[in-house]
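Step one of this worksheet: look at the structure below.
Derivation of every value follows stated rules applied to the coordinates shown; laboratory data play no part. None of the values given here were measured: they were computed from a predicted structure. A quick note on method: Cβ atoms are made from the backbone with ideal geometry, for glycine too, and the neighbour counts reach across all protein chains shown.
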Amino acid sequence: MSDPFSQIERQKRVVMLGRLKKLRDEIIKHDLLYYRDSRPEISDFEYDCLKIELENLEKLVGSAEEIEKFSQKIGDDSDPGFVSRSHLSKMFSLDNTYNLTDLKRFDEKIRRKICCDDITYVVEPKIDGVAINLIYRDGDLLHAITRGDGIHGDDVTQNLRTIDNLPQKINWPTGFVEFRGEVFIRNDVFERINEKKIKAGEEPFANPRNLAAGTIKLLDSNLVAERQLSIILYGVGRCDGISYHNQSEVLADLRQRGFPGQDVYFLATGLDEVYEKIEKLGSIKSTLGYPTDGAVLKVNELKYHDLLGCTAKAPRWAFAYKFSPSQVESVIEAISLQVGRTGIITPVAELSPVFISGTMVSRATLHNEDEIKRKDIRLGDRVIIEKAGEIIPAILEVNLAKRDPTAMPFVFPKNCPSCGAILEKSNGDGFWKCKNFSCADQCRERILHFASRNAMDIHQLGSTVVTKLISAKLIENMSDIYGLKMYHIISMDNFGPKSSENLLMAIEASKHKDLYRLIYGLGIPSVGLQTAKDLALKFNSLDALIGATLEKLMMVPRVGEKTASDIIDFFSKKQVIATIEALRNHGVNFSNG
Ligand code: IVH
């Protein structure tokens, strides 16, 4: 019989290869829409997410498949209506990211290669337009070529000549020089053109980049002139007769020679300064007057550019940090139910993964049934996700225009997804609850809470370990952890003698923790960390707390009637008392001082 493990691996691989092929086809489709037709159907952000997924999959599938790395190709903007022309030196694209971790990795790789503590970078605005290569021969503008596939592009010289402040002649020694930059439409011009379009009853342009890309490929230069293209130069390709030493010198020299160049850019040494400058760029981006979608970091010293070299697609000395939208669209793929330690059932949206403000988001809480009804969230809906306070992802609203007409309202299940008990709706707060105290998910959550940092602080008892201990039937509730022996733990995957001993020592140490940690760790409904501290201070022992009357409890600061009766309810459960007795027998500290 064949090895079942390798069979699963093979199946996984087939699924991955299938997704890889689908992703490639999808990216090809969007490339054509974007580069050739200037009529994208998805946002840059959604496109970047597809590329990231492709790159990750390619890494997973590995080189054995001899996959020609599609994601390493440069998006081609070639158009058959234009003469194709070669660049004198290859035009690269840029690797980009929406998160600071990738930026850190980029910097680490460079420092390792150059053996230097802190690198000086130039931080420039990333202009959201169309890349262009200007070739000057003996000081005369000879050709303006779009990036194309990086080797050849379309000759759009006539269209570029409509830009007033682009020098047609420069003071340059004999030979060739290539200057590179971005052609774009200023924000005010974009608005004016779109206003006109709307007045004429026509469809407006989606964004300034599309307008720039569409304009540069117009066959009538008079029309191009009306559209008022702009240009900013930021780099140099082949360069006969003059040598530059650093990027800031290139930027200054471009200005000096009369080119429209970067007005705003910063030198930054070390990552902290880089972050600061990126933030600064983010804060002034709306005042620049042209569309920017991020910051570009370039190693300042040009001698390092040669040392670092390039991949097939991008230089290793430059990187784009893109400003990510804080609101992004995704799809509800499923709605799952989570059982909390108090039995509250929380519906969770399982989303098609999206990047928001630097992290990948694939789940968002839906809070409760009322919230799902209020927002009318249905399976398959396209929804706008937002990071509330930049941390927790939340669903803002459904994009009703994109709803599948057959989508049905979500029906909240009647049974607990963990133990099958009939769910009950608790008074007033709109939450469905599983009232089975022995429900496996509730037990698991209670143990995790008991071991958590603010409670008994047994940090080795994380979610994976607790799940394993439960499935091995070694523990069922929090008191069982004190009955664990070396031979139990060492029998689990990833536990050796040392880690088993550490876990046992941490469990033992937790027996002597302060009383408030135990009170908090028990997971009494309505009792947060501060209330647990107040209760410990007032009653001095767990037994005194268990015996307290409603009136006595309500004398504790911040304890109202609801919390007081939750405490009394909690201690009236026989399973709770049994657990407490077991904790006492194991020698857990029950009092202050
Ligand atoms: S440097 C070899 N600097 O962004 C380095 N590119 O998404 C290549 N872009 O292809 C370019 N602003 O068209 C550079 N300040 C800037 C830029 C910039 C916009 C464009 C450029 C590039 C694309 C990558």
Q: Name the residues whose placed amide hydrogens come within less than 5 Å of the amide hydrogen of Arg147, ignoring near sequence neighbours (fewer than 5 apart) on the same chain.
A: Ala131
**Q.** Degrees separating the helix 187-199 axis from the principal Cα axis of the chain, which is the longest one
**A.** 90 degrees
Q.
With +1 assigned to the C-beta of every Lys and Arg and -1 to the C-beta of every Asp and Glu, and no other charges, what is the dipole magnitude of the chain about the Cα centre in debye, to the nearest 20?
A. 1180 debye
**Q.** Cross-link reach list, lysines versus Lys51, counting only Cα pairs under 18 Å and skipping chain neighbours closer than eight places
**A.** Lys21, Lys22, Lys29, Lys59, Lys69, Lys73, Lys313, Lys322
Q) Asn187 to Asp140: extension gain in nm, 0.36 nm per residue of separation minus the Cα-Cα distance? A) 13.9 nm
(Q) Considering all alpha-carbon pairs of the stretch 212-285, what whole percent are spaced by more than 14 angstrom? (A) 72 percent
Q | ³J(HN,Hα), Karplus 6.51/-1.76/1.60, whole Hz, each residue of the stretch 203-218, x for Gly, Pro | A | 5, x, 6, 5, 6, x, 5, 4, 5, 5, 5, x, 5, 5, 9, 6
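Show me the ranking of peptides 148-158, 12-22, 365-375, 516-526 by mean Cβ neighbours inside 10 Å, starting with the highest.
516-526, 148-158, 365-375, 12-22
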Q: Indicate the gyration tensor shape class of the stretch 247-319 (rounded, prolate or oblate), computed on the Cα atoms with a ≥ b ≥ c the square roots of the eigenvalues: a/c under 1.5 is rounded; otherwise a/b larger than b/c is prolate and the rest oblate.
A: oblate
Q. Label points 7 Å out from Cα along the Cβ direction at Met408 and Asp272: separation in nm?
A. 5.9 nm
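Taking every pair of distinct Cα atoms and averaging 1/r, then inverting, what Kirkwood hydrodynamic radius in Å comes out for the stretch 132-190?
12.3 Å
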Q. So what is the calculated 222 nm ellipticity per residue for the chain, using -39500 (n - 2.57) for each DSSP H run with n of 4 or more, over all residues, to the nearest 500 deg cm²/dmol?
A. -11000 deg cm²/dmol
Q) D for the chain, whole µm²/s, Stokes-Einstein with Kirkwood Rh over alpha-carbon pairs at 20 °C and 1.002 mPa s: what number? A) 74 µm²/s
Q. Between Arg238 and Thr346, what FRET efficiency comes out of the Förster formula 1/(1 + (r/R0)^6) with R0 = 56 Å and r the beta carbon distance, rounded to 0.05?
A. 0.40
Q. What nm distance separates the two modelled labels at Leu550 and Glu249, each placed 7 Å from Cα along Cα→Cβ?
A. 8.3 nm
Q: Could you please rank Ser43, Ser510, Ser491, placing first whichever residue has the fewest other Cβ atoms within 10 Å of its Cβ?
A: Ser491, Ser43, Ser510
Q: Could you pull the Cα extents of the stretch 74-152 along its three principal axes, largest to smallest, in whole Å?
A: 47, 30, 22
Q: Give, as a single signed number, the net charge of other residues whose beta carbon lies under 10 Å from the beta carbon of Thr174, with Lys and Arg counted +1 and Asp and Glu -1.
A: -1
Q. Got a sec? Charge dipole of the chain, +1 on Cβ for Lys and Arg, -1 for Asp and Glu; which of Val588, Ala401, Leu461 is way out at the positive end?
A. Val588
Q) So how much slack lies between Arg584 and Ser286, counting 0.36 nm per residue of separation and subtracting their Cα-Cα distance, in nm? A) 101.0 nm
Q) What shape does the stretch 504-593 take by its C-alpha gyration tensor, where a ≥ b ≥ c are the square roots of the eigenvalues and a/c under 1.5 counts as rounded, a/b above b/c as prolate, and the rest as oblate? A) prolate
Q: Take the alpha-carbon positions of the stretch 144-273, form their convex hull, and give its projected area averaged over all directions (one quarter of the hull surface) in nm².
A: 10.4 nm²
Q. For the stretch 325-427, what is the convex hull volume of the alpha-carbon atoms per residue, in Å³?
A. 113 Å³
Q: Read phi for every residue in the stretch 128-137 and hand back ³J(HN,Hα) as whole Hz from Karplus 6.51 cos²θ - 1.76 cosθ + 1.60, θ = phi - 60°, with x for Gly and Pro.
A: 9, x, 10, 5, 9, 10, 9, 9, 10, 10
Q: Would you list the P(r) distribution for the stretch 387-540, with all Cα-Cα distances sorted into 10 Å bins from 0 and each bin expressed as a whole %?
A: 9, 27, 29, 22, 10, 3, 0
Q | For the stretch 442-455, 3J(HN,Hα) per residue [Karplus equation, 6.51 cos²θ - 1.76 cosθ + 1.60, θ = phi - 60°, Hz, x = Gly/Pro] | A | 4, 4, 4, 5, 5, 5, 4, 5, 4, 8, 5, 4, 7, 9
Q. Taking a quarter of the surface of the Cα convex hull of the stretch 465-541, what do you get in nm²?
A. 5.8 nm²
**Q.** FRET efficiency for Gln575 and Asn494, using Cβ-Cβ distance with R0 set to 35 Å, rounded to 0.05
**A.** 0.65
Q. Average projected area of the Cα convex hull of the stretch 540-589, in nm²?
A. 3.6 nm²
